Amino acid sequence: MHDNKVKSQFVAVASIAAELSAVMEVAKEISLAAANAKAIAFRAGEKAKGFQPITDFINELAKDTIELVNNINEYAFHLYQLTVNEQRMTEACRRFENVEKLAVGARYADSLAAPLQDVRSRTQLCHREFILQVSELLIKLADVMHPARAARVIAANSRIEASQAGEYLQSLQAVAESVDHAAQIINDKVHKCRSALAVINIAD
């Protein structure tokens, strides 16, 4: 039973790492979209005057997302380390238990009780730390949703401003669409991360 739990933890952490990598790439794409939008708005001049400050917001959102993901990656790596440690201690515990069974009736069989209990305690402590880190990670993942939601609002405002940009309309609308699409991808990836954590059996 415990083996299955640890395996679920490995799968969840690996899944989160993959999704976060995708979020990071999308955030970089948003940053690139902001740079492109700034260049277009500069060329458009007065026609895209209202669009110019929006590009700064887009760039800030990209930076915020990248910073959050970097922070979350540290939590995910810690979860991986905790899972590895728990797996090792679980294996050590199993070996102690096997030796204890084989040593029944032996002269110094009682000497195995203390180290076995120590390994069990350390395993439980490691798992409790894992649960705590999962809770922290869920909070951090929720934080990533804020810039993603803001990006969708900005994309909507971008479309409005783009509609007044004359011949630059299509170029600026393309920027708005790319930001909106990126925000949706981030939203989906974060939901997948949270789902991956939800399948972990963290019951003792």
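The values are calculated or read from the model by the stated rules, or taken from the named source; none is laboratory data. For clarity, every value in this text was computed on a predicted model and none was experimentally measured. Every residue, glycine among them, receives a Cβ derived from its backbone with ideal geometry; neighbour counts consider all protein chains shown. With ligands, DNA and RNA removed, areas are computed over all heavy atoms of the protein, side chains included. Shrake-Rupley method; radii C 1.70, N 1.55, O 1.52, S 1.80 Å.
For the reader, a short list of remarks on this structure follows.
- For the chain, the dipole from Cβ point charges (+1 on Lys and Arg, -1 on Asp and Glu) about the Cα centre works out to 280 debye, to the nearest 20.
- Built amide H within the under 5 Å cut-off of Phe51, gap 5+: none
- Under the span-like rule (Cα at least 20 Å along the axis, Kyte-Doolittle mean at least -0.5), DSSP H helices of the chain: 2-44, 113-162, 169-198
- Extended-chain gain in nm, criterion 0.36 nm per residue less alpha-carbon gap, Arg122 and Ile139: 3.5 nm
- Farthest toward the positive end of the dipole of region 85-194, out of Asn187, Gln173, Ala114, is the Cα of Ala114, where the dipole comes from beta carbon charges about the Cα centre.
- Take every pair of alpha-carbon atoms less than 8 Å apart whose residues are at least six positions apart; their mean separation over the length of region 1-156 yields a relative contact order of 29 percent.
- For the residue pairs Lys47/Lys140; Lys7/Lys140; Lys7/Lys101; Lys5/Lys192, the C-alpha atoms sit more than 28 angstrom apart in Lys47/Lys140.
- Segments 52-58, 165-171 sorted - mean Cβ within 10 Å per residue, highest first: 52-58, 165-171
- Val99-His146 FRET efficiency (beta carbon distance; Förster radius 45 Å; 0.05 resolution): 0.30
- Look at (i) 92, 21, 19; (ii) 43, 40, 38; (iii) 59, 47, 43: the one that is Cα extents along the principal axes in Å derived from this structure is (i).
- For Ala27, neighbours were defined as the other residues whose beta-carbon sits under 12 Å from its Cβ, and their charges (Lys and Arg +1, Asp and Glu -1) total -2.
- Solvent-accessible surface of the chain, averaged per residue with a 1.4 angstrom probe and all protein chains in place: 56 square angstrom.
- Accessible surface of the chain [probe 1.4 Å, protein heavy atoms]: carbon and sulfur percent: 56 percent
- Calculated mean residue ellipticity, 222 nm, the chain: -31500 deg cm²/dmol, from DSSP H runs (n ≥ 4) at -39500 (n - 2.57) each, averaged per residue and rounded to 500.
- In nm, spacing of pseudo-spin labels at Ser163 and Ala18 (7 Å Cα→C-beta vector): 4.1 nm
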